[in-house]
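Below: the structure, in structure tokens.
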Amino acid sequence: MTHEPWMGSAAAYALGSLEGEDRAAFEKHLAECATCRAEVQELQETAAMLAYAAPPAHAPGALRDRVLRESRDVRPLVRTSRVRLFPTVAWLAAAASLTLAVLTGVELRGERGERAKLALALDSVRAELGARDSTIAAFFGPEVHVVSLSPTGEKPSMRVFWNHTRNIFIVTAFNVPRAPAGKTYQLWAIAKNKAPMSMGTFNTDANGRLTAIIPVGNVINDAGFIDLCGLTMEPEGGSSQPTEQPRLVGSWRHTD
Amino acid sequence: MNAVESPSSVGELYDRFGALAYRLAVSITGNPAIAERVVSEAFSATWRKGVTSNSRFFSSVMRAVRAGAMQNRTAYGRRKSFEATLGTEDGRGHEAAVTSALAALSEGERSALALAYFGGLGVEAIASELRQPIPNVKANLQAALHNLRSVLTERGVAV
């Protein structure tokens, strides 16, 4: 991943000063570059220190009570450590075990050529396990929240994981028919008293499935939290605001 | 700020960062009533996202305060924000460290940073304001934050 050409945009992005196509292009790069994500994170932390340069002002005593009162009924979003992804892990582990077992049998027969082929197959499975581990790890962690999206009254057909540590959304879709040519799906973050905020565009495969990683934009980060997620179909390239009612909608899960 | 890597209650977090959050909100909005609302919303929103560490909460809540303040600032606030007091305060601790770090920046870096952070301007608007090419503005912002971080780290202020 080449990130040097992008580093010049990291500070402007961290300060919310990168706009338009520059911003979209940088966010696309962020989705694939851990180095730039870390850079943005560091710069955002540094920028927060600038609050100390603001002119002095005395906070009224009543503000503390107000903050406590308004936060009292707010519960931190549920961690996703309870999300069960064991079937995937188990399948991959079983595949590796099976390959090992077959490999052992081949060794006993002394068929070196076959053994080499199976060793390659094992390497392939290991590589796939490593890649899956990385993706799976993004679903977990101390700062991951989840929302399930579904048509009204039906079973969910999408889930979105918000990994705050990596500052990414992981979008998984199943049984979502592929958008036709010239169209795209667009995911929206909906927060109280705010216009819908685009989370990104995507399309599913021929089987209606998708697993995609989308960087979390500054607009959404700055919104603090989002109440709902909605999915619409938009013209290719996406829209600045939804042009139809959400086909799928869901709210962040609140369970203890 | 000193990183304390154990989550606190809302009350503890407010006691640590509330005054600073309000100060930032007032400097941008220019309106104490709006600033109070912005701070309260920012705290409850950030708390709802979940707290893994006080340092992470600090960074998140200040970003939320700044964003909320930018959306709600008055004409007075806009005018004052351009008169941002970067480098004018002679305080103690973190304030002194930040002030000192800002004073060490070049004029170009400091101006670009003030217009971006307190003015809420994009790179094009900053370039127009400072009559500089956009690549220069980006480079100045990049250098400003890196130099700021470097000086704060040297002074033992965890960022």
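The values are calculated or read from the model by the stated rules, or taken from the named source; none is laboratory data. These numbers were taken from a predicted model, which means no experiment stands behind them. Virtual Cβ from ideal backbone geometry, glycine too; neighbours counted across all protein chains shown.
Being of a type in the set (Asp, Glu) and in contact with a Pro (Cβ under 7 Å, 6 or more places away or on another chain) is the filter here; which residues of the stretch A:25-70 pass it? If you could, list the steps in order and put the result at the bottom.
Keep residues of the stretch A:25-70 that are of a type in the set (Asp, Glu), which gives A:27, A:32, A:39, A:42, A:45, A:65, A:70.
Passing the criteria: only A:27.
Which residues, taken from the stretch B:140-159, are in contact with a helix residue (DSSP H, G or I) (Cβ under 6 Å, 6 or more places away or on another chain) and modelled with pLDDT of 90 or more?
As a first pass, look at the stretch B:140-159 and keep what is in contact with a helix residue (DSSP H, G or I) (Cβ under 6 Å, 6 or more places away or on another chain): B:140-145, B:148-149, B:151-152, B:155, B:157, B:159.
Across the stretch B:140-159, the qualifying residues are B:140, B:141, B:142, B:143, B:144, B:145, B:148, B:149.
For the stretch B:60-81, enumerate the residues that are among the hydroxyl-bearing types (Ser, Thr, Tyr), at pLDDT 55 or above and crowded, with 20+ Cβ neighbours inside 10 Å.
B:60
Scan the stretch B:17-51 for residues that are more than 25 Å from residue B:149 (Cβ to Cβ) and not in a helix (DSSP H, G or I) and jot them down.
Scanning the stretch B:17-51 gives B:30, B:31, B:50.
I need a count of the residues in the stretch B:109-129 that are more than 10 Å from chain A (Cβ to nearest Cβ) and surrounded by fewer than 17 Cβ atoms within 10 Å (Cβ to Cβ).
Total satisfying the criteria: 2.
Give the residue that is surrounded by the fewest Cβ atoms within 10 Å (Cβ to Cβ), with candidates limited to residues of the stretch B:22-50 that are over 18 Å from residue A:193 (Cα atoms) and more than 7 Å from every other protein chain (Cβ to nearest Cβ).
So the residue we want is B:33.
What pairs come out if I take residues in the stretch B:82-106 that are modelled with pLDDT of 50 or more and pair them with residues that are among the aromatic types (Phe, Trp, Tyr) whose C-beta lies under 8 Å away, six or more apart or interchain?
B:94/A:52; B:95/A:52; B:97/A:52; B:98/A:52; B:99/A:52
Condition first: within 7 Å of chain A (Cβ to nearest Cβ), of a type in the set (A, V, I, L, M) and assigned to a helix (DSSP H, G or I). Can you find one or more residues in the stretch B:52-61 that meet it?
No, the stretch B:52-61 contains no residue that is within 7 Å of chain A (Cβ to nearest Cβ), of a type in the set (A, V, I, L, M) and assigned to a helix (DSSP H, G or I).
Could you list, in sequence order, all residues of the stretch B:117-135 that are among the charged types (D, E, K, R) and assigned to a loop (DSSP other than H, G, I, E, B)? Don't jump to the end; show me each part of the working.
Within the stretch B:117-135, the subset among the charged types (D, E, K, R) is B:124, B:129, B:131.
Within the stretch B:117-135, just B:131 meets the criteria.
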